[in-house]
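A quick write-up on the structure given underneath.
Please treat every number below as a calculation from the coordinates, not as lab data. The shown structure was predicted, so the numbers you read here are calculated from the model rather than taken from an experiment. All Cβ positions, glycine included, derive from the backbone under ideal geometry; neighbour counts span all protein chains shown.
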Amino acid sequence: MTRLEPSISGAIQPTALRQTVAISPLILDLRLPAVAIGILTFVAACGAGSPTQPTAPTPTPSQTVSSVSVTGSTPAVGAISQFSATATLSDGTTQNVTGQAGWQSSNQSVATVSSGGVVSAIAPGETDITATFQSVSGKTHLTVPISLSPAATLPELIQLFIYRAEVGRVRVSSDISVAFSQEHAAHASLVWNYFLRLFARPVGVRTEMYYTMNLNLYAQVFRFCPSVVIPGARQLTACYDQGEGIYRWFIVPYTVPDFGTQLHELSHGFLYGTYPASEDFPWIKEGTGMYWESGSFDGASNLVVTTPHPYLTTGFHRWHDAGQLLPLTALVSLPRAQFYARDPTLVYSQAGMFIFYLMQNYPSVMTDLFGRLNSRSLTNNDQVLAFLTGQTGLSLQQLDAAYVAFSLRY
Ligand SMILES: [Zn+2]
C-alpha cells in the first residue's frame, strides 16, 4: 500500500528579506520518484553486464530475440559510462550483446553513445539510449544532471533549474523535465487564482517554485534559504524576497505530479497575507492546508474537495483507536511551538478533519469566516473560535463530539 504522506510546513513569516519556512515534518513515501531514480541508477550501475565480460556468442538461428534491455549508470556532464545491452532469447536465456548491438542516442546534444555502448554526457537534459540487436530494440531513459559546482549566488543557483514555465503570477522551474515544469506551472496558476478569489491578500506579487529530485542540488539551496532536513519528511523550504515581492519555494516532489504540495503551501501564503495571526495557533493554518490539499480542480477552475486526504483519515483513525485524540479545546489553543512539536499525524489529522467537518457541514459559516478574515473584523484566535461557536450554535465540546463522529465515517 502506498501511504500518501502530505506536507506539513512550518511558519510563513514574510516580513524579512529572506525568511525561512520550517521544513515540512511530513513522512515521505520511500517510493518517491526521487528516491527510486537514485536506487535504480545504483542497481543498474552495480548489476547487469560488466563491460569487461567477454561478449556472448550470437544466438543460433533456431532462437529468436524476444527483448533487449539496456542498463548503465548515468554519467555526469563531461564524463563517460559503459552501457550494456542484454538480449532475452526465445528459450528464456539471456546474452550480453553489448558488442553486437547497434547503439543510438535520441538527443545527441545531451549525450552521445559509441558503437560499443559507451555513453558520453554532453550537457544537462534528457535522452533515450537505444540498443538494437537482430531488429529488436530496447532503451533506457537518461536524465543527465546539472553539474554541481557550488553556485555563488542565488541567481546563479536558480539558473540550475533549467526547465522554466510561467503561467500568470507563477513561475515554475525544475531540473526534472520541460513537461514537469509546464504541468506544475499550469496547476500553480490555478492554485494562485483560486486563493486570490478566496483571500484578500497574497504574499508578494508573484510566486516562484523550484523543483528538483537531486538532493545535492536541494542541499545547495540551504546556503541561500536555510532549512532543516528531517529524514523521512517531505522536503521543502521557502524564502520571501521582500525587495522584489517574490515568494520562492524550493521543493523535492514527494509524488509526481505534486499538486497537493502547491495547494497546501500556497494556501499558507495567502492565509498569512490575510490573517497573520494564523501563525500563532496553527490549527486553522494546517487544517485548511490539509483540507485544500485533499482537493482537485474541476473544469471551471474551482477546487473541489469531496473526501479527506488519506493522510487525515489514516492518522485520525489511528489516534482515535489509541484513545489519544486531543480534546478540540486543546487542539485549537495549541500555540505554534507546541503544535509543531506534536506528532504531525496527530495534530495535522485532527486539524484537517475539523476543517473538513466545518466545510462540509457549515459551508456558509466558513464563507462568512473567510470574509471576516479578509475584512480583518476577525484578527485573532479567540475571535475566530467565538465566531465559530456563535454561528454554529455549538460549544467547542459539542463541536468536538460532532466532528469526531463525522470523521470516523471516513
Ligand atoms: Zn502546512
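Here the contact order of region 65-144, divided by its residue count and restricted to Cα pairs under 8 Å and six or more residues apart, works out to 34 percent. Pop the C-beta distance of Gln63 and Phe297 into the FRET formula with R0 = 45 Å and round what comes out to the nearest 0.05. Plugging the Cβ-Cβ distance into 1/(1 + (r/R0)^6) gives 0.30.
Given their separation in residues at 0.36 nm each and the Cα-Cα distance between them, Ala386 and Ala341 gain 13.6 nm when the chain is fully extended.
Computed from point charges on the beta carbon alone (+1 for Lys and Arg, -1 for Asp and Glu), the dipole magnitude for region 121-218 about its Cα centre is near 420 Debye.
Projecting label points 7 angstrom from Cα along Cα→Cβ for Ala152 and Arg376 puts them 4.3 nm apart.
Using R0 = 51 Å, the C-beta based FRET efficiency linking Ser120 and Val228 works out to 0.85. Per-peptide packing, taken as the mean over residues of other Cβ atoms within 10 Å, places 234-242, 285-293 in the sequence 285-293, 234-242 from highest down.
When the Cα positions of Leu266, Leu157, Tyr211 are compared along the charge dipole of region 146-267, Leu266 comes out farthest toward the positive end, with charges on each C-beta of Lys, Arg, Asp and Glu. Simple spin-label estimate for Asp368 and Asp280 gives 2.3 nm between the two label positions (7 Å along the Cα-to-Cβ direction from each Cα). With a cut-off of 15 Å between beta carbons, the residues surrounding Gln108 carry a summed charge of -1, where Lys and Arg count +1 and Asp and Glu -1.
What's the FRET efficiency of Val205 with Thr88 using the Cβ-Cβ distance as r and R₀ = 60 Å, to the nearest 0.05? Intermediate values should be presented prior to the final figure.
Details: r = 56 Å, r/R0 = 0.94.
The calculated FRET efficiency here is 0.60.
Among Tyr362, Tyr194, the ranking by other beta carbons within 10 Å of each residue's beta carbon, starting with the fewest, stands as Tyr362, Tyr194. Remark: Asp128, Asp91 ranked as Asp91, Asp128, counting other beta-carbon atoms within 10 Å and listing the fewest first.
Could you work out the relative contact order of region 278-410, using alpha carbon pairs under 8 angstrom and six or more residues apart, expressed as a whole percent? The value is 33 percent.
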